[in-house]
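A.B. asks: This structure is in structure tokens; I'll ask about it shortly.
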């Protein structure tokens, strides 16, 4: 009888993962081969000299800012939960090679030491665009996130090494996303993380 509840949990988690994946793909985009028929993304809508100015000097309009932040929030939560579970394959298309290698190395080190990360993502309290600039044909947008997470790292004997599995902590992160302005690929890549 207990097995049926485990199967229901697995099916429910698979449905949630599928929903998140579809929302993420719908917001951040995917390369389909018909990009030349798609309308230009927000990166193409600004004169190049305007891209070098700070955000408060009119680089994003309200709708573009809202759309980008919605996608960035979904990417943030998805990447954090994927990293915690040790499964980067589902978010590889969202990570720059350097960031992917750093995350992958941290997961391998954790596994080699017999450590397990447990993370429950509570939600994002705030997400704000801090900087928006054009760097040699690449549009870079830096976003600061304030989120609430329950996390801990345990050893192979289930002893807590860091964190608290019963305490919600506030996390402050600053992530930078990048996109080639001249590319028809609508996807953004995470190129830097700071906390």
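The values are calculated or read from the model by the stated rules, or taken from the named source; none is laboratory data. Here the structure is a predicted model, which is why all the values come from computation and not from measurement. Cβ coordinates were reconstructed from backbone atoms using ideal geometry, including for glycine residues, and neighbour counts include every protein chain displayed.
A.B. asks: Can you give me the number of residues within segment 162-189 that are part of a strand (DSSP E or B), modelled with pLDDT under 95 and either surrounded by fewer than 12 Cβ atoms within 10 Å (Cβ to Cβ) or on the phi > 0 side of the Ramachandran plot (or both)?
C.D. replies: The number of residues fulfilling the criteria is 2.
This table checks each residue for (1) under 16 Å from residue 171 (Cβ atoms); (2) touching a helix residue (DSSP H, G or I) at 6+ places or on another chain (Cβ under 8 Å); (3) touching a residue at least 60 places away in the same chain (Cβ under 8 Å).
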| position | (1), (2), (3) |
| --- | --- |
| 75 | yes, yes, yes |
| 80 | yes, no, yes |
| 104 | no, no, no |
| 107 | no, yes, no |
| 111 | no, no, no |
| 114 | no, no, no |
| 138 | no, no, no |
| 146 | yes, no, no |
| 149 | yes, yes, yes |
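A.B. asks: Looking only at segment 91-101, which residues are surrounded by fewer than 19 Cβ atoms within 10 Å (Cβ to Cβ) and within 11 Å of the chain's Cα centre (by Cα)?
C.D. replies: The answer is 92, 93.
A.B. asks: Checking the conditions here, which among 158, 131 is loosely packed, with under 15 Cβ neighbours inside 10 Å and touching a helix residue (DSSP H, G or I) at 6+ places or on another chain (Cβ under 8 Å)?
C.D. replies: Working: 158 fails: touching a helix residue (DSSP H, G or I) at 6+ places or on another chain (Cβ under 8 Å).
Being loosely packed, with under 15 Cβ neighbours inside 10 Å and touching a helix residue (DSSP H, G or I) at 6+ places or on another chain (Cβ under 8 Å) holds for just one of 158, 131, which is 131.
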